[in-house]
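The values are calculated or read from the model by the stated rules, or taken from the named source; none is laboratory data. Quick caveat, the model's predicted, so the values are computed rather than measured. Using ideal geometry, Cβ is built from the backbone for each residue, glycine included, and neighbour counts are taken over all protein chains shown.
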Amino acid sequence: MSKTLGIGVLGCGNISAAYMRLAPIFRGIEMRACADLNLDAAKARAAEFGLRADTIGQLLAAEDIDVIVNLTVPAAHFDVSLQCLEAGKHVYSEKPFVLSLEEGQKLAEKAAAKGLRVGSAPDTFMGGAHQLARHLIDSGRLGKISSGTCFVQSPGMEMWHPNPDFFFQPGGGPILDLGPYYISNLVQLLGPVKRVTAMSMSAQAERTITSQPRYGEKIPVGTPTTIHAILQFHSGAQVTYCASWDVWQHGHAPMELYGAEGTLHVPDPNFFGGEVRMTQKAAFTSAGVAWDHPFARTNDGVNANYRAAGLADMALAITEGRAHRCSLEFSLHVVDVMTSILVAGETGQVLDLTTTCERPEALSPEAAQGLLA
Ligand SMILES: NC(=O)c1ccc[n+]([C@@H]2O[C@H](COP(=O)([O-])OP(=O)(O)OC[C@H]3O[C@@H](n4cnc5c(N)ncnc54)[C@H](O)[C@@H]3O)[C@@H](O)[C@H]2O)c1
């Protein structure tokens with residue numbers, strides 16, 4: 001029998017609105033309070049969504065809060081998640097989970113000592129499109145997957161974000177910022193990564209902001225902005241992964257996987273939905289399965305947006321005593337892949353990963369329905 005867990009949000013910036021808006025569609029969680037270094041930001045979100053605005057200390061001590069959602073900036077993720085665990089709360093963090101393996105291992109130790117759960121976004125791999133891709137691979141219809149490609153390339157962030165400085169410093173860059181979506185999906189589809197290598201560079205030593213209010217200001221680049229990596233999976237598959245903020249336009253698909261019996265075109269893992277296409281040998285074919293997955297249904301303009309699905313899954317998993325999908329072990333492996341790619345890019349080495357993980361349990365349409373209120 002599941003019960004409802006009280007949820008508190010720590011970090012009331014841009015993305016907090018999506019969590020607060022979407023949480024009520026899920027079963028087993030109730031958003032109750034929020035806090036931020038900037039109390040006015042917490043008060044504004046609280047008023048918008050009918051929540052209680054707490055100080056950080058009040059939220060950490062609140063008796064009606066079981067899980068804290070860490071929506072602070074990446075550089076604060078580790079400290080904030082550790083604080084939550086020390087306060088006796090389960091914690092679910094936005095991506096990237098942490099910025100180093102060491103940080104993640106410290107959280108793992110603290111969580112184990114306290115008997116608490118830790119989870120991390122992204123949860124887009126739980127989307128209907130990516131679960132269909134998973135179903136097609138697991139059903140064997142594509143045969144053994146031997147290789148694939150993944151492209152996430154754009155001109156950058158300085159044209160839309162008001163303060164884009166952090167994107168171009170260590171801790172930012174296209175691998176740590178967007179990599180969690182792509183690498184998490186590859187790991188859920190293919191299993192853990194065995195080793196990586198990469199080359200990296202920056203096309204520009206400084207970038208010019210073209211968003212307001214700092215239009216025309218130059219900012220330094222302190223982290224690679226173009227990284228070409230190769231990932232070898234324990235399954236034997238090898239995937240080319242190109243991540244760049246130095247590309248105006250390109251014609252590559254976000255993700256393709258090549259199997260002995262056909263090819264799978266996977267839509268952009270930055271989103272929950274999208275069109276999955278497959279071939280049998282060279283010929284395009286329909287997926288041939290009835291797949292009315294709740295997390296593929298458009299609910300947000302033109303997109304399927306089920307952000308907080310990973311949080312809801314963790315909350316239900318706590319009450320049901322089962323593993324949650326956006327797990328610490330899984331997120332830490334993704335961090336290991338990303339940080340190893342960055343080191344390989346600097347040194348030219350081929351690096352064996354020191355972590356591994358189980359693939360998160362597949363989320364069938366019925367299981368997804370079970371997460372909804
Ligand atoms: N904005 C998006 O579209 C988006 C999408 C997906 C994921 N994310 C991730 O969500 C996280 C937050 O992103 P955002 O865009 O909402 O950032 P933001 O800068 O808009 O908001 C971050 C908030 O956290 C607060 N904060 C910072 N350090 C804190 C601390 N130590 N304790 C308490 N509060 C603190 C800030 O005051 C701010 O209100 C990031 O990890 C980002 O990668 C953002």
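Quick one: is PHE151 crowded, with 21+ Cβ neighbours inside 10 Å and in contact (Cβ under 8 Å) with a residue 12 or more places away in the chain? Here the answer is no, as PHE151 does not meet what is asked. Figure legend. Inter-residue proximity from the range 4-17: first residues more than 9 Å from the ligand (Cβ to nearest atom), second residues part of a helix (DSSP H, G or I), beta-carbon distance below 6 Å, spacing 6+ or different chains. Indicated pairs: LEU5/ALA315; GLY8/LEU59; VAL9/SER16. Hey, could you check the range 324-361 for residues that are among the small types (Gly, Ala, Ser) and more than 16 Å from the chain's Cα centre (by Cα) and say which is nearest to PRO192 (Cα to Cα)? Once the filter is applied, the top-ranked residue is SER340.
One residue stands out in the range 18-34 among those that are without any contact (Cβ under 8 Å) to a residue 60 or more places away in the chain and part of a strand (DSSP E or B): the one that is nearest to the ligand (Cβ to nearest atom), namely CYS34.
Quick check on the range 279-292. Is at least one of its residues surrounded by 14 or more Cβ atoms within 10 Å (Cβ to Cβ), modelled with pLDDT under 95 and outside any strand (DSSP E or B)? Among the residues of the range 279-292, at least one is surrounded by 14 or more Cβ atoms within 10 Å (Cβ to Cβ), modelled with pLDDT under 95 and outside any strand (DSSP E or B), which makes the answer yes.
Scanning the range 66-106 for residues that are within 25 Å of SER340 (Cβ to Cβ), more than 8 Å from the ligand (Cβ to nearest atom) and part of a loop (DSSP other than H, G, I, E, B) gives PHE97, VAL98, LEU99, SER100.
Please find, among ILE56, ILE68, ILE137, the residue that is in the same structural domain as MET338 (by TED's automatic domain parsing), in contact with a strand residue (DSSP E or B) (Cβ under 9 Å, 6 or more places away or on another chain) and more than 17 Å from PRO180 (Cβ to Cβ). When all the criteria are applied, what remains is ILE137.
The single condition from (1) farther than 26 Å from GLU102 by Cβ; (2) touching a residue at least 40 places away in the same chain (Cβ under 8 Å); (3) in a helix (DSSP H, G or I) that THR339 fails is (1). Being assigned by TED's automatic domain parsing to the domain that holds ILE145, over 18 Å from the mean Cα position of the chain (by Cα), free of Cβ contacts under 8 Å to residues at least 24 places away in the same chain and in a strand (DSSP E or B) is a description that does not apply to HIS228. Total residues in the range 108-125 satisfying the condition of being among the hydrophobic types (A, V, I, L, M, F, W, C), away from the ligand (no atom under 15 Å from the Cβ) and assigned to a helix (DSSP H, G or I): the figure is 4.
Every condition in (1) touching a Phe, Trp or Tyr at 6+ places or on another chain (Cβ under 8 Å); (2) in a strand (DSSP E or B) holds for ARG195 except the one numbered (1).
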